[in-house]
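The values are calculated or read from the model by the stated rules, or taken from the named source; none is laboratory data. Keep in mind that this is a model prediction, so the values were computed, not measured. Ideal geometry is used to build each Cβ from the backbone, glycine not excepted, and the neighbour counts take in all protein chains shown. To get the accessible areas, we keep the full protein, side chains included, count just its heavy atoms, and leave off ligands, DNA and RNA. Shrake-Rupley method; radii C 1.70, N 1.55, O 1.52, S 1.80 Å.
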Amino acid sequence: QVQPVESGGGSVQAAGPLRLSCATSGRTFSSYAMGWFRQAPGKEREFVATISWNGGRTYYADSVKGRFTISRDADKSKVYLEMNSLKPEDTAHYYCAASGVVSGSRSSYEYDYWGQGTHVTVSS
């Protein structure tokens, strides 16, 4: 099992950067693909990015492609989401999750473990 714990959220001006971190407990970090999802007020949770178990594959939502970068550090059992050129529409609660689909997945249904999330507010 892994238990994701997110950090790094906060308030930022539009066009600015922010980096989210996700720490995981347990010794099986490398057995899971990891993903980031977000949920804005009044909207459904949506996929943001995913990275395969070994970091070899990454996938992004079209809305963040070219602006966000997902990465993982096996030694630290952490996942990161580097966000650049932030827009007000990126404002949301961001969740880190672990999936047994080791190649990565865009579907929230394929994620087994979820963190509590961290909030990002982007002001114009």
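Residue-by-condition table, conditions (1) more than 19 Å from G100 (Cα to Cα); (2) of a type in the set (D, E); (3) at pLDDT below 95:
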| residue | (1), (2), (3) |
| --- | --- |
| P4 | no, no, no |
| V12 | yes, no, no |
| A15 | yes, no, no |
| S21 | yes, no, no |
| E46 | no, yes, no |
| R57 | no, no, no |
| Y80 | no, no, no |
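Going through D73, D90 one at a time, which residue ends up being among the acidic types (D, E), touching a Phe, Trp or Tyr at 6+ places or on another chain (Cβ under 9 Å) and either modelled with pLDDT under 95 or more than 15 Å from R38 (Cβ to Cβ) (or both)?
D73
Taking region 68-116 only, how many residues are without any contact (Cβ under 8 Å) to a residue 40 or more places away in the chain and among the polar types (S, T, N, Q)?
Final tally of qualifying residues: 2.
Let's see how each residue does on (1) open to solvent by less than 60 Å² (accessible area, probe 1.4 Å); (2) in contact with a strand residue (DSSP E or B) (Cβ under 9 Å, 6 or more places away or on another chain):
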| residue | (1), (2) |
| --- | --- |
| V2 | yes, yes |
| E6 | yes, yes |
| P17 | no, yes |
| A23 | yes, yes |
| G35 | yes, yes |
| G42 | no, no |
| G56 | no, no |
| Y59 | no, yes |
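Looking only at residues that are surrounded by fewer than 16 Cβ atoms within 10 Å (Cβ to Cβ) and over 21 Å from Y59 (Cα atoms) in region 101-124, which one is farthest from the chain's Cα centre (by Cα)?
This residue is S124.
State which residue is surrounded by the fewest Cβ atoms within 10 Å (Cβ to Cβ) when the search covers only region 64-82 and only residues that are touching a Ser or Thr at 6+ places or on another chain (Cβ under 8 Å) and of a type in the set (A, V, I, L, M).
Across region 64-82, the extreme among qualifying residues is A74.
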